[in-house]
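Peer 1: Take this structure first; my questions come after.
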Amino acid sequence: QVIQMIRDDILSYSSTIPADFVKQIMKLLNRGSIHSTSSDSFIDTDSSKKLREEFAKTCFETLLQFSFINKSKGEEGGITKMAVMSLLQRCQEVVRKHVDDERLSGKCPLPRPRLAEMASVLKAITTLLRSLKQAPPGNVEKPVWKLVLQLYPCLVDCTTSPSPSVCKALRDALHEYADLLSPPATVITNGTT
């Protein structure tokens, strides 16, 4: 409900709100968009896990909504695009750290909260890729696409994960790259291809 209020009552009017306040809202959405438990002693019930996942998804989708559906190229668009770039970089960091930690742990599995965080990040990447593909091409800047493509090798490094939840989320994310891996369109110049 809080995120819905932010989306409907604040971000919808971002052009009339001070830019610094909008930046702070974007930071909150960015932080909320990837959930993780704050301590290893946290008792993770299915209901609390589901609530955190839903909260993270709602934050992420709100962030994306105001990043790519926004038709204006004004300052508000720049603020939200900056937040998406930050989110992409954060996803990449989490993925890299997970791969490194799995290598260091050998045959010992990582703690459940870490696996849940990784699965959540992979779900966020999947949501991002779907949203990017649906956005009008002019609304997604080249640096965003560049970060998306740089993320691919990091995701491939995760394919050796022994965790079923990570593997399922990873498979979904990698499937979203299928449209991005198509051959370039043939250009006809002066009657030749």
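The values are calculated or read from the model by the stated rules, or taken from the named source; none is laboratory data. It should be emphasised that the depicted structure is a prediction, and the values quoted were computed from it without experimental measurement. Reconstructed Cβ throughout: ideal geometry from the backbone, glycine too, with neighbour counts over all protein chains shown.
Peer 1: Check whether at least one residue in region 114-126 is out of contact with any Pro (no Cβ under 8 Å at 6 or more places or on another chain) and farther than 17 Å from Ala56 by Cα, and report yes or no.
Peer 2: Checked region 114-126: no residue is out of contact with any Pro (no Cβ under 8 Å at 6 or more places or on another chain) and farther than 17 Å from Ala56 by Cα.
Peer 1: Could we say that Cys167 is touching a His at 6+ places or on another chain (Cβ under 8 Å), part of a helix (DSSP H, G or I) and not basic (Lys, Arg) here?
Peer 2: No, not satisfied.
Peer 1: What pairs come out if I take residues in region 103-121 that are under 15 Å from Thr159 (Cα atoms) and pair them with residues that are in a helix (DSSP H, G or I) and among the aromatic types (Phe, Trp, Tyr) whose C-beta lies under 6 Å away, six or more apart or interchain?
Peer 2: none
Peer 1: Would you point out the residue of region 15-58, among those that are hydroxyl-bearing (Ser, Thr, Tyr) and modelled with pLDDT of 75 or more, that is surrounded by the fewest Cβ atoms within 10 Å (Cβ to Cβ)?
Peer 2: Taking the candidates together, the pick is Thr16.
Peer 1: Please verify whether Glu61 is touching a Ser or Thr at 6+ places or on another chain (Cβ under 9 Å), in a helix (DSSP H, G or I) and either at pLDDT below 80 or exposed (fewer than 13 other Cβ atoms within 10 Å of the Cβ) (or both), treating the condition exactly as stated.
Peer 2: The answer is yes for Glu61.
Peer 1: If you don't mind, another one. What's the number of the condition Met118 fails, among (1) more than 24 Å from Lys50 (Cα to Cα); (2) modelled with pLDDT of 90 or more?
Peer 2: (1)
Peer 1: Something else now. Please enumerate the residues belonging to region 100-115 that are outside any helix (DSSP H, G or I) and either surrounded by fewer than 11 Cβ atoms within 10 Å (Cβ to Cβ) or at pLDDT 95 or above (or both).
Peer 2: Gly106, Lys107, Cys108
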